[in-house]
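A quick write-up on the structure given underneath.
The values are calculated or read from the model by the stated rules, or taken from the named source; none is laboratory data. Bear in mind the structure is a predicted one, so any value in this text is a computation, not a measurement. Reconstructed Cβ throughout: ideal geometry from the backbone, glycine too, with neighbour counts over all protein chains shown.
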Amino acid sequence: MRTILAFLFASICSMAVAQNGSLKGTLIDAKNATTLVGVNVIIKGANKSTISDGEGKFVITGIAPGVYEVEFSMIGYLPKQVSEVVITANEVTNLDVTLEEQKNTLEEVVITKTRAKAESVKSLLTQQKNNASVSDGISAETIKKTPDRTTSDVLKRISGASVQDNKFVVIRGLNDRYNVAFLNGAPLPSSESDRKAFSFDIFPSNLLDNLVITKTATPDLPSDFAGGVVQINTKSVPDRNFQTLSIGSGFNTITTFQEQRTYEGSGTDWLGYDNGVRAFPSTLPSTEVFNVLSFQEKAELAKTFEYDWGIQSQKFAPNYNFQYSIGRSIKLGEKTLGMIFSVSNTKTNNFNDVERFDYDNPDPTSTLLVSSFKDNNYTQQVLTAGLGNLSFKFNENHTVFFKNIYSINSTDLVVERRGQRDVNDTRFLLADVRWFTSNKIYSGQLGGDHTFQNKKIKLSWNAFLSDIQRSIPNLRRNIYSISDPNSTDPNQNSPRAEIAFNNGGPDYGGGMFFSETSEDIKGGKLDLSKKFNLGKDLINEVKIGGMYQTRARDFFARQMQYNQLTSGGTFDSNLLSLPNEQIFNVANMGVISPGVNGFTIADFTKFTDAYTAGSDLKAAYVMFDNRYKFIRFVWGVRFEEYTQRVNARLTELDFLALEDVQDNLLPSANLILSLSSKQNLRFSYSKTLNRPEFRELAPFGFYDFTNQFFTQGNPLLKTGEITNFDIRYEFYPGKNQLLSVSYFRKNFTNPIEIQQQVNNKTITYVNANAAVNSGIELEFRAMLSSLLNFPGLPFLEDITVFSNLAVINSEVDISNLNTANIATKRPLQGQSPYVVNAGIQYLNNDNGWSVSANLNRTGNRIAFTESEIRPAIWEKGRTFIDMQISKTIKKKMEIKLNIQNLLAQDLIFYQNNYKNSVRYGTLETLANQIFTGDYHYQDGFNAKEDDVIWRTRFGQSFSLTFTYNF
């Protein structure tokens, strides 16, 4: 046993690098793109051979560097010899091969001969054009040739997708609540407290095996999506033994080395979590007990709240990122043990200044400015992640895996706000907040893939567990006011803290908010498929499966606030003039001297500040895949039984006990016509769902200091239903090039939207009656040499240009909602009318240089829908340009220079007053008019007619990363 452990340890820790190379690939049926199991693979002259496994894949290691000829053979298929296969030391050569079926066994068998480069290109195109559903993806081989560092970077390269805040994915212009994410076949939880979304920047790109976005449904996919299913698959068995170390640093043009306002945190903030420094005192009793204490007892408890309220100045340090990865593939006879481990730590600093305004709407034709503020936001974001994957391959037909990822991501925010709550009042407010949020996420999967060749049966199973811990350990806010900053009287022009007596809320200082969310998702899935033929031309596969998933959440919040102690004495009003670092010292709590009082602590926790929630999902499906000559029909039905529960206390005697049980029968069908070996015509129909999140149903309300909105859940929300139609034409001209045109239409019933309430500072979630979304997608990817016919310029072969454009028209029936919009229809909340992605890449593996530039733009979209008296708040579209230059040195060292957000356009949210204002001459107005048909520019941003709610300024970011491969 010790010998085995020593061997494993040495294998993992060894820094030695083998001098041989490896060959891997996938064997594919040229006619129908199915993978081929049991193909013999022989490397001539190297005395090496193997057999393709249950997924049609093969790997041969320990090959001496050189140029070889590889032979592929299998009963019933024509043998093939591939020449010019180059094996390089310490590298993995990828070779995907297609085999032609042998039509007549009586004729002499002719060996097909081809070159490695041509064969790989042909196989890649065969796989792309034979996907069962409308989908777009990227493989590990392609990712390896790009400069992308995280999964969110990779997502930008996929058609119809864009990324918000460098981490949230938007597909076909639909906001992130309409997408779902899976990791290795297991559902990923939302990484956000108040958002149905997942942050994709926590996964390193070099650990991906592939990433696919599926835009149309098949019965074996989950039903809860309308935009797309993002499927992330990490590597199981490494292609080769490797060790990689990556270290980088960066700066932002308006952040790095500039003033940073910060406060004393904990010693573990650099890892992304608080070690208990911010937690509320262990002696603090429950709200029920606290509220019956005497004034003196509460004042004594106030002395146990020993927090540093001071805000200090320092300089913003540069950003940094660190990542270490190691992979080992260990041969144990015919068996293979694969291991991959990775740790990473990233810290990003940002400064933003934000202008904030609020307006009153006395009548539909005018608005009046009510408040005006200037915010300085100082942010530190930390991501710490670890990944550990184990895979054991018994033989080419049976593999089991155990995959794990754990991440901690945190945001530490300081905001200093200056301005007027009422522009007609001389009073000037000085407010600040210290807001630390930490998310800890674990996701693990234990599964297996098994192929029984004789019976043409494939079995896949997966058991999964995810655990999420979200924490806001102590959000502290304070408010000072100056009666008249222009006065010469110190009593009028000096700041005084706005501390209430026997009152609380966001209009007063001394507030503290604590919250904890604990959530877990666990379950399993099983898929069984069998292939069979009816005659020579009708090829069939039937697939059945089931899934069970249970989810549980426990949430609670505590809201404490300093108050003036007026019982048993007189409050010392001089304390209100003390600065942040002194005002809430222990010496200022309770009775200061006989008859003179300081502060006390009050508990303003509401009954609705806690809830429990859970759901159970049972799913079963049957799917048929029928192929007849050039026709392929994938169809079936999925059944889901879904139970959702939310329990909360509304008042002392009133409770919410929500339990919703749904049975859904969800059919889908995909018809693919292979017009030629390079052309497809696809038709798709499916029915999917959009279920409300626990947070959207819970009565809990949260005040967001940054946008000044109070978000309230709505227990009356219904599940949305979506009927999807797609038509797509695809043309693969060769050399990894693509041209596609798609039309899609989505009919929504009960779409879920975020709506302002009569009170302009409260938002909640509502169901509109119905909505229709329809659009056209255009995509092309081409080598510059194909567009410019200059044989004398071979470097054009290394340049690829790509672009995709989605133009979407959405219309929501809001006749059931009382709104300020006179019309009963408008665009869907969160829906962009167009999404544009474009880029150019130069990649030369011989000289090691790579240069890429990417552009992304989305159109104006509604952020918060209108209320009965307030017009909608829109987000103005922005254009992002990112660039990267990388250089590989001797295949060991790689240097990457990244430039993000080159244009650094302001982020603007505006109150749309829907004024007719025909304008021409700017790119923004031209795009709005061409792509949306809004010729009066009512949905665009008109600086003269619309009212800016927020305007945020950004800087450009530059980073330099060094990666070394041992």
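Odds and ends about this structure:
- When segment 33-51 is limited to residues that are of a type in the set (Ser, Thr, Tyr) and over 16 Å from Val85 (Cβ atoms), the one that is modelled with the highest pLDDT turns out to be Thr35.
- Looking at Ser342, Ser366, just one residue is farther than 20 Å from Ser438 by Cα and either out of contact with any helix residue (DSSP H, G or I) (no Cβ under 9 Å at 6 or more places or on another chain) or of a type in the set (Phe, Trp, Tyr) (or both), and that residue is Ser366.
- Against the conditions (1) within 27 Å of Thr88 (Cα to Cα); (2) of a type outside the set (Ser, Thr, Tyr); (3) touching a strand residue (DSSP E or B) at 6+ places or on another chain (Cβ under 6 Å); (4) modelled with pLDDT of 50 or more, Ala30 satisfies every one except (1).
- Segment 167-192, subset in contact with a helix residue (DSSP H, G or I) (Cβ under 6 Å, 6 or more places away or on another chain) and not aliphatic (A, V, I, L, M), residue modelled with the lowest pLDDT: Lys167
- When segment 886-899 is limited to residues that are without any contact (Cβ under 8 Å) to a residue 60 or more places away in the chain and buried (at least 16 other Cβ atoms within 10 Å of the Cβ), the one that is farthest from Gln938 (Cα to Cα) turns out to be Thr888.
- For segment 278-294, a residue qualifies if it is surrounded by fewer than 17 Cβ atoms within 10 Å (Cβ to Cβ) and in contact with a Ser or Thr (Cβ under 8 Å, 6 or more places away or on another chain), and the qualifying residues are Pro281, Thr283.
- Going through (1) modelled with pLDDT of 90 or more; (2) among the hydrophobic types (A, V, I, L, M, F, W, C); (3) crowded, with 20+ Cβ neighbours inside 10 Å one by one, Phe941 falls short only on (1).
- Selection of strands (runs of 3 or more DSSP E) fully inside segment 748-804 by the criterion of at least 2 residues being in contact (Cβ under 8 Å) with a residue 40 or more places away in the chain, out of contact with any helix residue (DSSP H, G or I) (no Cβ under 6 Å at 6 or more places or on another chain) and among the small types (Gly, Ala, Ser) returns 770-783.
- The lone criterion from (1) under 30 Å from the mean Cα position of the chain (by Cα); (2) farther than 21 Å from Ile949 by Cα; (3) surrounded by fewer than 19 Cβ atoms within 10 Å (Cβ to Cβ) left unmet by Asn395 is number (1).
- Selection within segment 641-655 - surrounded by fewer than 21 Cβ atoms within 10 Å (Cβ to Cβ), over 27 Å from Lys215 (Cα atoms) and in contact (Cβ under 8 Å) with a residue 24 or more places away in the chain: Arg645, Asn647, Arg649, Leu650, Thr651, Glu652
- Any hit, segment 560-568, residues being surrounded by 20 or more Cβ atoms within 10 Å (Cβ to Cβ) and closer than 22 Å to Pro699 by Cα: yes
- Any chance Trp461 is aromatic (Phe, Trp, Tyr), under 25 Å from Thr234 (Cα atoms), part of a strand (DSSP E or B) and within 32 Å of the chain's Cα centre (by Cα): yes
- Every condition in (1) within 30 Å of Asn747 (Cβ to Cβ); (2) of a type outside the set (Lys, Arg); (3) at pLDDT 85 or above holds for Gln841 except the one numbered (1).
- Note on segment 211-265: residues that are more than 17 Å from the chain's Cα centre (by Cα) and of a type in the set (A, V, I, L, M, F, W, C) amount to 9.
- For segment 482-528, a residue qualifies if it is over 30 Å from Leu465 (Cα atoms) and of a type in the set (Ser, Thr, Tyr), and the qualifying residues are Ser483, Ser487, Thr488, Ser494, Tyr508.
- Yes/no for Asn916 being at pLDDT below 95, polar (S, T, N, Q) and surrounded by fewer than 15 Cβ atoms within 10 Å (Cβ to Cβ): yes
- Answer residue from segment 304-317, given it is touching a strand residue (DSSP E or B) at 6+ places or on another chain (Cβ under 8 Å) and surrounded by fewer than 18 Cβ atoms within 10 Å (Cβ to Cβ) and is farthest from Val382 (Cα to Cα) among those: Tyr307
- Pair list, Cβ under 6 Å, 6 or more apart: segment 603-616 residue farther than 15 Å from Leu658 by Cβ, other residue buried (at least 18 other Cβ atoms within 10 Å of the Cβ) and of a type in the set (A, V, I, L, M): Asp603/Met560; Asp609/Ala557
- Between Phe880, Phe931, the distinction of being within 24 Å of Arg781 (Cα to Cα) and at pLDDT below 85 belongs to Phe931 only.
- One residue stands out in segment 214-228 among those that are in contact with a Leu (Cβ under 6 Å, 6 or more places away or on another chain) and modelled with pLDDT of 85 or more: the one that is surrounded by the most Cβ atoms within 10 Å (Cβ to Cβ), namely Ser223.
- Single match in Asp625, Asp616 (criterion: modelled with pLDDT of 95 or more, acidic (Asp, Glu), part of a strand (DSSP E or B) and farther than 18 Å from Glu696 by Cβ): Asp616
- Residue count for segment 592-623 under the criterion of being farther than 30 Å from Leu526 by Cβ, among the aliphatic types (A, V, I, L, M) and surrounded by 16 or more Cβ atoms within 10 Å (Cβ to Cβ): the result is 4.
- Segment 318-375, subset surrounded by 14 or more Cβ atoms within 10 Å (Cβ to Cβ) and of a type in the set (Lys, Arg), residue nearest to the chain's Cα centre (by Cα): Lys347
- Residues located in segment 733-747, provided they are charged (D, E, K, R) and in a strand (DSSP E or B): Arg745, Lys746
- Unmet criterion (only one of (1) modelled with pLDDT under 70; (2) closer than 28 Å to Lys335 by Cα; (3) in a strand (DSSP E or B); (4) not hydroxyl-bearing (Ser, Thr, Tyr)) for Glu141: (3)
- Matching option when the condition is farther than 30 Å from Ile457 by Cβ, in contact (Cβ under 8 Å) with a residue 60 or more places away in the chain and part of a strand (DSSP E or B), among Thr517, Thr566: Thr517
- Of all residues in segment 826-849 being of a type in the set (Gly, Ala, Ser) and in a strand (DSSP E or B), the one that is surrounded by the most Cβ atoms within 10 Å (Cβ to Cβ): Gly839
- Subset of segment 850-883 that is in a strand (DSSP E or B) and in contact with a helix residue (DSSP H, G or I) (Cβ under 9 Å, 6 or more places away or on another chain) - its residue that is nearest to Gly830 (Cα to Cα): Arg857
- Condition check for Phe242: hydrophobic (A, V, I, L, M, F, W, C) and under 22 Å from Phe402 (Cβ atoms): yes
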